[in-house]
1. Considering the dipole of segment 346-388 built from charges on the beta carbon (Lys and Arg +1, Asp and Glu -1) around the Cα centre, which of Leu378, Thr358, Gly388 is farthest to its positive end?
2. Which whole number of Å³ per residue matches the convex hull of the alpha-carbon atoms in segment 376-500?
3. Is it possible to state the helix-based mean residue ellipticity at 222 nm for the chain, with each DSSP H run of 4+ residues giving -39500 (n - 2.57), the sum divided by total residues, to the nearest 500 deg cm²/dmol? What is it?
4. So for segment 280-336, taking the charge dipole from beta-carbon charges (+1 Lys/Arg, -1 Asp/Glu), which of Tyr293, His303, Ile317 sits furthest toward the positive end?
5. Treating only the Cβ atoms of Lys and Arg (+1) and Asp and Glu (-1) as charged, compute the dipole magnitude of segment 93-201 about its Cα centre; round to the nearest 20 debye.
6. What size of dipole, in debye to the nearest 20, comes out for the chain about its Cα centre when the only charges are +1 on Lys and Arg C-beta atoms and -1 on Asp and Glu C-beta atoms?
7. Mind pulling the angle between the C-alpha long axis of helix 335-350 and the longest principal axis of the chain? Nearest 10 degrees, somewhere in 0 to 90.
8. Place +1 on the Cβ of every Lys and Arg and -1 on the Cβ of every Asp and Glu in segment 1-143, take the dipole about the Cα centre, and give the residue among Gly122, Pro8, Ser39 whose Cα lies farthest towards its positive end.
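Computed from the coordinates by the stated procedures, all read-outs in this text should not be read as laboratory data. Note that this is a predicted model, so its numbers are computed, not measured. As a convention, Cβ positions derive from the backbone with ideal geometry for all residues, glycine included, and neighbour counts pool all protein chains shown.
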Amino acid sequence: MSDTDALPVDLGASFDNAYARLPDRLFARVAPTPVAAPSLLALNRELAGQLGLSAERLADEAGIAALAGSRAFEGAEPLAMAYAGHQFGNWVPQLGDGRAILLGEVIDTAGQRRELQLKGAGRTPWSRGGDGRAGIGPVLREYVVSEAMHALGVPTTRALAAVASGETVLREQPLPGAVLTRVARSHVRVGTFQYFTARGDTEAVEALMHHVIEHHYPQLSSAERPALALLDAVMQRQAALVAQWMSLGFIHGVMNTDNCSVLGDTIDYGPCAFMDTFHAERVFSSIDVQARYAWSSQPAMAHWNTAQLAQCLLPLIDADPQTALPLAQASVDRFEALFSDSWSARLGAKIGFAPGSTDSPDAAARILALGRDYLSLLQEGEADFTRGFRVADDVDAARALLDAEPVRLDRWWAARDAALAEAGIGAEAASATMRAANPVRIPRNHRIEQMIVAADSGDLAPLQALSAALANPFEENADLADFEKPPSAGERVERTFCGT
Ligand code: AMP
Ligand code: MG
């Protein structure tokens, strides 16, 4: 190694590391562990541009080494964050970044603070028995699915790059190692608050809350009770997020409080999956044996998670528990109504009713009932979720897809068209609403698996093709017809794994 190899790499980022300025006990300063032989798997040039980073420099040898954790980024102050969490409902007092290292925060070209984190960057004080590393499969899965979620309009962490480490990680079998560069507005989770609450460290909870409000919810700083306003805001975002997930047939799979972002972003793409054939109770994660995080259970779980945040914020809502408790309870009790509003709007749009197309509660209830009826038609007809909704403006295609239920489908169609007419929504407007709410292409499980198998043996073409196909998911494109198709019986993937 020459002397210049040891110097931090200047990638043009202007870091402002606010998290590193918080009290020491919120994190551990730890640098990534260098890897054997870094090589680039994927680079998100568009995101690099938004972050004010030079894609050219990221893609050269020094840049790739920095993305692998083998060289420092100029301006970074790497650290691992402390957090705890409820995993599948069980309290775990100490989790923390065991294989992820926060490099720091850059202010992007829009003035927005964005954290850069390397996932699979080596051991930290929170690694417990783990190796701090990640395999190429989970890294590419997160890369593709998080970017697909962004293209679908879902709030999410992003993926800047994936690099192969040139090392082997030992899981059930030896796998090629990789490092993901994840970008998030913030990596603070409900579990970050819980870590300090569990230790009786109200000062740290307060510092964390001020950090989150100052940088991510500045409008709340002037609220009469900022802690209560924060709780309300997180609930609102979580309710909206889960409604949006469900509207796309997305199942997060591991909605533990340590994977529940206080920004309301989708975070931690472990065993997540988009459904092919619709079933409300669908579960993919191999470790979710009790179906805690099934598609239809997600609102209740997000509600449960935000109730844990309420516990943490209680002493900051009011010093007197007699005052704080009823305020927090009232806030938590609003979750169901918040979710129901978001879900009605999303589901309504999927069958042609633009949000706000009616102010009559009766009409709104009828639209929701129509949406639910359509879901039950899809479920009973064992239809593909994404295709099923995409044809909701095309009666012939819908009849072909739902051929098992022709009478019910025709009855539904007539009722929906009558409701559209009553709301004064013409066929073209309804169709435009549906086409903007119902994607043509989603990251289907079998496509992800095929992409990973190919990448494992050095073929990155499927990764590039899949990423490109998912960049404009609502646009019809005959050239991409293969990516629309549900899996054949032999291709179907029914189980997903965390891969940690
Ligand atoms: P997750 O299932 O990704 O939410 O991770 C749960 C916890 O396990 C977190 O504290 C992770 O940092 C930790 N963890 C997961 N994989 C590893 C690994 N390979 N090495 C060290 N810690 C890990
Ligand atoms: Mg996690």
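1. Value computed over the given set: Thr358.
2. Convex hull volume per residue, Cα atoms: 137 Å³.
3. Roughly -13500 deg cm²/dmol at 222 nm, from the helical runs in the chain.
4. The residue sitting farthest along the positive end of the dipole is Tyr293.
5. For this selection, approximately 140 debye.
6. 680
7. 60
8. Checking the options against the dipole of segment 1-143, the answer is Gly122.
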